[in-house]
Amino acid sequence: MRIGLLMEGGHPYATGEAGLWCERLVHGLGQHQFDLYALGPTGMPLPPNARTVRTGDVSGPGVGTAPGSRIERAAFGDDRASRRAYGRRERRRFTEAFHALATGLCAEHDEGSFATGLYALADLARERGGLPGALRSDDAVRALETACRAPGARRTAAAAGLPDHLAFADHLERALRPLSLDWYEEEALGAVDLCHATAGGTTALPGLLAKRFFGTPLLVTEYGVQLRAHYLSPAVARHSAPLRALLAALHGRLAAETYGQAALLTPGNAHARRWQEKCGADRARIRTVHPGLAADRFAEVGEDEESGDPATLVWVGRVEPAKDLVALLHAFADLRARQPDVRLRIVAVPNGEPCADAYLTHCKGFAAQLFPDEAPVAHAVGENPVTFEELGGPEAPTLEDAYASAAVVVLSSVVEGFPTSLVEAMFCARATVSTDVGAVVEVIGGTGLVVPPRNPRALADACLALLRDPERRHRLGAAARARALELFTVDQNLAAFRGIYLELLSHAPVRHRPGDGVPFAHPAEAHVPGSWTHQAVTAGTGAPDA
């Protein structure tokens, strides 16, 4: 089977909470051929079953194709059509299509105008090019202003002014850049049997167009819902209310269209599934597939019952405000007042966010105020019970070392998607204390303690209960490891997608191409391993049973 894998780009294959699952998918399903399509730069080594890579930069200026390379870069605005202004006919087509799209964005209830305009723009871009320049033109801004002030438009959209229209036109042009890619050709996405988008939103747009142009079925996997990420983005909060409303409408309409056209949705947890259902996704076409994590690397830690300091709490993750380390430090202050020998290790995973360093500095300063260096005698050097370490440093060179030192692993987040650090702690047979956010309860499933977010006292009480009860701690850790090995391994993830690929292709129309074989031309028995046919004949049966 030939799979067109649509990715966000980055290293290794996708960014965000998906982590390494995409890489393991390609390597683990070696019987399928993967064509990798990334909306961003990629520089990873490809396995033998990944033969083609095309990339398109949707965040910055486009670049040309690299001749002779396996990576073909899509160009935005550098072809002849985009340098030449649209003629009267193309200009009318663009105006009508953009008006339909803008009407669907500004109206309280979209009756299909957004999808109509979106696909009309895609047809125009495929036939004539030049769409990025047209989306930034005065015609687009005037059409947007008309739609915002039309009868039936939502009140917040009607309040938008010229600066809002210009800013939204700029954002819209970037969001719709995948419409101008050179991927919609018979030898590109037209040659794949299935499109698998590793995220929703802009990443899934090429899959929508492949379905429209070629009838290719679309599978969408979301481990972090793009619409939710948009709502939580600090950059969006700085915009004006009308601009925020227009942006929310764009991402909401795009999510609804993606969920409506996908043959199957595979959210990574029930939390993401609920978001998809609220956006109109059909429950019958949603199937939860938990992300697969490598359990082998934590096997030695999980099987060692003697590892871990009985008075050490460990927190592992990206240092950012959503993790609420301030509440964790408050909880630890309460806990240390009741058990003075307890220690807290905060192990930071490298984070490229610009606010990470400032927040880390703030947390270090707050910890220094709460816990002045304590010395056992008058002339000894004091030591703070809270340590801030970076993964890869001398104290925590690997994740295994960090979890191995813990009696209890803590998660204090106020916002969380799929809690990867909890799953890793479960592989290490560690008892956990977590806040009830995101998919935490779904992941823990009764093998750890869960407390309300932003409640330092409850967090401290739960940690103290486990620190003072080693038998309970070990019992919960063993149950957590068993649950993680059953639900969250790479093998279960690969098995799920292996079956989903075959299921979707079996329901899709057969498209014959010159030189291609017919899917499922050979019966399944031809692929049964072993020599059972030969054994049956030599045993005197003459032929195997039908």
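When the range 435-485 is filtered for residues that are touching a helix residue (DSSP H, G or I) at 6+ places or on another chain (Cβ under 6 Å) and of a type in the set (S, T, N, Q), only THR447 remains. For the range 432-448, check the following and say yes or no: at least one residue is under 21 Å from ASP341 (Cα atoms), without any contact (Cβ under 8 Å) to a residue 60 or more places away in the chain, in contact with a Gly (Cβ under 7 Å, 6 or more places away or on another chain) and open to solvent by less than 30 Å² (accessible area, probe 1.4 Å). Yes: the range 432-448 contains one or more residues that are under 21 Å from ASP341 (Cα atoms), without any contact (Cβ under 8 Å) to a residue 60 or more places away in the chain, in contact with a Gly (Cβ under 7 Å, 6 or more places away or on another chain) and open to solvent by less than 30 Å² (accessible area, probe 1.4 Å). Could you please let me know if CYS363 is farther than 27 Å from ALA429 by Cα, at pLDDT below 90 and either among the hydrophobic types (A, V, I, L, M, F, W, C) or in contact with a helix residue (DSSP H, G or I) (Cβ under 7 Å, 6 or more places away or on another chain) (or both)? It is false that CYS363 is farther than 27 Å from ALA429 by Cα, at pLDDT below 90 and either among the hydrophobic types (A, V, I, L, M, F, W, C) or in contact with a helix residue (DSSP H, G or I) (Cβ under 7 Å, 6 or more places away or on another chain) (or both). With respect to (1) in contact with a Ser or Thr (Cβ under 7 Å, 6 or more places away or on another chain); (2) among the polar types (S, T, N, Q); (3) modelled with pLDDT under 90, the lone exception for THR103 is condition (3). Remark: VAL220 falls outside the filter, which requires a residue to be among the β-branched types (Val, Ile, Thr) and within 30 Å of ARG155 (Cα to Cα).
If you filter the range 1-41 down to residues that are open to solvent by 10 Å² or more (accessible area, probe 1.4 Å) and part of a helix (DSSP H, G or I), you find that the one that is modelled with the highest pLDDT is GLY28.
Against the numbered list (1) among the charged types (D, E, K, R); (2) in contact (Cβ under 8 Å) with a residue 40 or more places away in the chain; (3) under 20 Å from GLU389 (Cβ atoms); (4) not in a loop (DSSP other than H, G, I, E, B), ASP357 comes up short only at (2). What is the residue count in the range 256-278 for residues that are part of a loop (DSSP other than H, G, I, E, B) and either in contact with a Lys or Arg (Cβ under 9 Å, 6 or more places away or on another chain) or open to solvent by 30 Å² or more (accessible area, probe 1.4 Å) (or both)? Residues in the range 256-278 being part of a loop (DSSP other than H, G, I, E, B) and either in contact with a Lys or Arg (Cβ under 9 Å, 6 or more places away or on another chain) or open to solvent by 30 Å² or more (accessible area, probe 1.4 Å) (or both): 2 in total.
Of the residues making up the range 231-244, just one is charged (D, E, K, R) and either surrounded by 16 or more Cβ atoms within 10 Å (Cβ to Cβ) or within 15 Å of ASP170 (Cα to Cα) (or both), namely ARG244.
On inspection, TYR86 does not qualify as aromatic (Phe, Trp, Tyr), touching a residue at least 60 places away in the same chain (Cβ under 8 Å) and surrounded by 19 or more Cβ atoms within 10 Å (Cβ to Cβ).
When only residues in the range 381-406 that are open to solvent by 40 Å² or more (accessible area, probe 1.4 Å) and aliphatic (A, V, I, L, M) count, which is modelled with the highest pLDDT? Result: LEU391. In the range 245-255 there is at least one residue that is part of a helix (DSSP H, G or I), open to solvent by 30 Å² or more (accessible area, probe 1.4 Å), of a type in the set (Lys, Arg) and modelled with pLDDT of 90 or more. Annotation note: Cβ proximity below 9 Å between a residue of the range 11-31 that is polar (S, T, N, Q) and a residue that is at pLDDT 80 or above (sequence gap 6+ or interchain) occurs for THR15/MET7; THR15/GLU8; THR15/ALA199; GLN31/MET1; GLN31/ASN49; GLN31/ARG498.
The values are calculated or read from the model by the stated rules, or taken from the named source; none is laboratory data. What you are looking at is a predicted structure, and each value in this text was computed from that prediction instead of being measured. Cβ: placed from backbone, ideal geometry, glycine included. Neighbour counts: every protein chain shown. Heavy atoms of the whole protein, side chains included, go into the accessibility calculation; ligands, DNA and RNA do not. Shrake-Rupley method; radii C 1.70, N 1.55, O 1.52, S 1.80 Å.
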